[in-house]
1. Separation between the residue B:25 and residue B:200 pseudo-spin-labels, each 7 Å from Cα along Cα→Cβ, expressed in nm?
2. Please state, to two decimals, what the Cα-based radius of gyration of the protein assembly as shown comes to when divided by 2.2 N^0.38 Å (N = residues).
3. Normalised by the residues of chain A, what does the relative contact order come to in percent, with Cα pairs under 8 Å and at least six apart?
4. With label points built 7 Å along Cα→Cβ from the Cα atoms of residue B:223 and residue B:137, find their separation and express it in nm.
5. Mind checking the log10 I(q)/I(0) for segment A:131-261 at q = 0.16, 0.21 Å⁻¹? Debye, one equal scatterer per Cα, no solvent, two decimals.
6. Does anyone have the angle between helix B:114-124 and the longest principal axis of chain B? Alpha-carbon axes, 0 to 90°, nearest 10?
7. Rg/Rh for chain B to two decimals, with Rh computed the Kirkwood way over all alpha-carbon pairs.
8. Per 0.36 nm of contour for each residue apart, how much would the distance between residue A:213 and residue A:17 grow if the chain were fully extended, relative to their Cα-Cα spacing?
């Protein structure tokens, strides 16, 4: 049996980093709990509906079809360039938005459990990420008809790159859920602030419009080169469109992940025992 | 120390911070911008002392009763023993797997079926899926819910919901059980069954801690009763 289940001690000074990493690992090992809870969240949302989670697929499909037709026409872009670009961008974006917005609620959503039983706090961050991964899997189905209509060359390396990119985004999702989850629990205004920032980011990030539409200097440099969302999307979108991911994007993502990890571990170590009191 | 289960609390205190919108982000930002001088008239952080310097040594074989008024700190102490609330000062060490039977509704979902709720409740109580599967039939039998287990929980009467929660919660193998007052479950016949199940559980579990308002009950099942008042243990 898991040893951490049968021993618990608080009182001695424990280094922040150790406390944080222990919580993170035992949270990861608690996968049976967060996987079930994540599934349950989805099931709960679509209970008694005929299509169930297929509504996710359908909603995203309709959005992509509508935007694809309208904006493809507005931008005077050939469909075989614009639609796959838009579809992959929207799907990855939806994944990230879910991670960030629902990450804010990570601890508040599970307040009953947190206040009554002892689980690693990161368990609840993993739950949020798992739930959104399930949503991603449903949305990704859209890519099948898109690829059938507008074929792209996707080789094995490309597919592995996509997978790696998604794992990196999910990893960052766990970290951001810990950080934002803790902050929002303490300061309830953070959630709406984050939602607004994310909403604004959708328009300034190349998702509906191609980066080639902007000059690479001035505003373009800020919206593209310095935009973390752009690089996070690129590591999945580029290989899906049959292109290579630029080294620049990988480096940028590496930097984001590092900073994200450092902040999340600090927050977890510092506030692990405070968070239940904030609920 | 070779004991399988023990609990040690030393100078254990819990202060609950009290947050209202008054203590929001805006205030926090403003006070940092103005160096805090702006809010001098407000005490820096209002708190409520829920538990005050508790010293406790519980060993195998102990059956502890917690007795006290509403708000005397019984439930907070149980939650602290469950590991949910860490001490704001002092220390705690708990050895042994803990089953906390504090809130019957924890982990239960109205729209999920009885079967699903068995899994949900079991997982939140710390059981593994394998363990739950092996006990599934036993739990179902004990609950006496029969065909209702296929129905969503929201169709159950409150008594039936409690039965199901009770059946799952008491199926956990633990070294320490924490109970908060909910011994009266279901109708008369089920109550008898529940009582004998609890007694059985109490016998095979090394440590039991039970909070109650009923002195009679405590005298009946516990070896030692601790009086709580204003977050303190009396006559310690």
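1. 5.3 nm
2. 1.12
3. Across chain A, relative contact order equals 28 percent.
4. In this crude label model, residue B:223 to residue B:137 measures out at 3.7 nm.
5. Taking Cα atoms of segment A:131-261 as identical point scatterers yields -0.98, -1.48.
6. Computed tilt is about 40 degrees.
7. Taking Rg over the Kirkwood Rh, I get 1.05.
8. So the extension gain works out to 66.1 nm.
Any read-out appearing in this document is the output of simple, stated calculations on the displayed coordinates, not a laboratory observation. As the structure is a prediction and not an experimental result, all values here were calculated from the model. Quick reminder, even Gly has a Cβ in these numbers, built from the backbone with ideal geometry, and neighbours come from all protein chains shown.
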